[in-house]
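Bear in mind these aren't lab numbers, they're just calculated from the coordinates by the rules spelled out. This structure is a prediction, so every number in the text was calculated from the model and none was measured. Cβ placement follows ideal geometry from the backbone for every residue including glycine, while neighbour counts extend to all protein chains displayed.
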Amino acid sequence: MPTRLSGRHMDLTTHIGGGLELKNPVMLASGTFGHGAEYNHLFDLSRLGGIVTKTITYHPRAGNATPRTTETPSGMLNSIGLTNPGIDAFIKEKIPPLAELETGRVVSLAGTSNEEFAEMARRFNDLPGVDALELNISSPNMKDGGQLFGCREAAAHAVTASVTSVSTLPVIVKLTPNVTDITSVAGAVEEGGADGIALINTLLGMAIDVTSRRPILGNITGGLSGPAIKPVALAMVWKVADRVSVPIVGMGGIVTAQDAIEFLIAGASAIQVGTTTFINPWAGLEIVDGIAEYCNAQGISSLSQIVGSLDTEPLA
């Protein structure tokens, strides 16, 4: 439904491939907003374009050793370790409330093999309340294989193809920035049949306690997120947008509507808001309103007029 602001109708609708249409481009990122329904009491989630659930694995995971988070300048490190109840409990306990939400519902999956990814994807084919899958092939905190898929072109292609060959849902593949050339990996997952590409996941980082001379995180290293990574994320979105033809979901340090609009101009068809929701749970709503205000001020009637509009020609 078009957003109405100051007398002007604006179409903030966007498409993420595979038939997934969102009412606006603002999504809440995996791992930062539970499974979505837990926050339904805070505000009307239907005002958002979509939510991405916390990553689900085939078997339950207790997660990494504590401490699991630490603040950094303009960001945070986390080494949660994909703590989750496993796919059986998720389907039984989390799908019913998820199905009641009137927004785009994307389930994040992580597996340890192509076969496991495919089997998990197949389980969601006939379930209500799931509009798309996001393949987390890029977690820096999953010791048993998660990052390997996203770091190698052949592995990224193979796991994507394994899922797209069995899934009836749109498949979005989430990429890691911890590679030499993210555009090559993006090209590989596009060839594997991905309907969309999400980037970037967290950057690998660490923090040290100088008094004890020990790592602050129990897992030693963790994933860096927050405003500190925005310039890196923005550049990678721009580069990938120039390489692939499938829609891109951009993320990494988005706090304000201006941040989100930068990602859209760079080539993202939608964005995800993550770390900032820990300090401002309403950030997603503020960004939706901010994008609408920007469009109104610029005389823009459709989001498509913004996406990929970056002018890189030298000034005369």
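Per-structure values
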item: Segment 122-137, residues that are assigned to a loop (DSSP other than H, G, I, E, B) and small (Gly, Ala, Ser); result: 129
item: Residue ID - nearest to residue 106 (Cα to Cα), chosen from residues in segment 163-195 that are among the hydrophobic types (A, V, I, L, M, F, W, C) and in a loop (DSSP other than H, G, I, E, B); result: 169
item: Subset tally (residues that are crowded, with 18+ Cβ neighbours inside 10 Å and free of Cβ contacts under 8 Å to residues at least 60 places away in the same chain) for segment 267-289; result: 3
item: Count of segment 25-50 residues which are in contact (Cβ under 8 Å) with a residue 60 or more places away in the chain, in a loop (DSSP other than H, G, I, E, B) and closer than 24 Å to residue 202 by Cα; result: 10
item: Residue list for segment 196-210, restricted to those being within 22 Å of residue 107 (Cα to Cα) and assigned to a loop (DSSP other than H, G, I, E, B); result: 200, 201, 202
item: Qualifying residue in segment 195-210 (condition: more than 15 Å from residue 233 (Cβ to Cβ), free of Cβ contacts under 8 Å to residues at least 12 places away in the same chain and of a type in the set (Asp, Glu)); result: yes
item: In segment 18-53, the residues that are among the hydroxyl-bearing types (Ser, Thr, Tyr) and surrounded by 13 or more Cβ atoms within 10 Å (Cβ to Cβ); result: 30, 32, 39, 53
item: Sole residue being on the phi > 0 side of the Ramachandran plot, of a type outside the set (Gly, Ala, Ser) and more than 14 Å from the chain's Cα centre (by Cα), chosen from 220, 216; result: 220
item: Looking only at segment 274-311, and only at residues there that are among the aromatic types (Phe, Trp, Tyr) and assigned to a helix (DSSP H, G or I), the one that is nearest to residue 237 (Cα to Cα); result: 294
item: Tally, over segment 65-101, of residues that are loosely packed, with under 14 Cβ neighbours inside 10 Å, free of Cβ contacts under 8 Å to residues at least 40 places away in the same chain and aliphatic (A, V, I, L, M); result: 2
item: Lone unmet requirement of (1) in contact with a Gly (Cβ under 6 Å, 6 or more places away or on another chain); (2) within 16 Å of residue 281 (Cα to Cα) for residue 16; result: (2)
item: Candidate set from segment 102-119 (those that are surrounded by fewer than 19 Cβ atoms within 10 Å (Cβ to Cβ) and of a type outside the set (Gly, Ala, Ser)); member that is farthest from residue 64 (Cα to Cα); result: 102
item: Residue tally, condition surrounded by fewer than 17 Cβ atoms within 10 Å (Cβ to Cβ) and without any contact (Cβ under 8 Å) to a residue 40 or more places away in the chain, over segment 290-303; result: 3
item: Residue match in segment 179-188 (condition: crowded, with 21+ Cβ neighbours inside 10 Å and of a type in the set (Ser, Thr, Tyr)); result: no
item: Flag for residue 315 being of a type outside the set (S, T, N, Q) and closer than 23 Å to residue 81 by Cβ; result: no
item: Qualifying residue in segment 240-256 (condition: in a helix (DSSP H, G or I), crowded, with 24+ Cβ neighbours inside 10 Å and out of contact with any helix residue (DSSP H, G or I) (no Cβ under 7 Å at 6 or more places or on another chain)); result: no
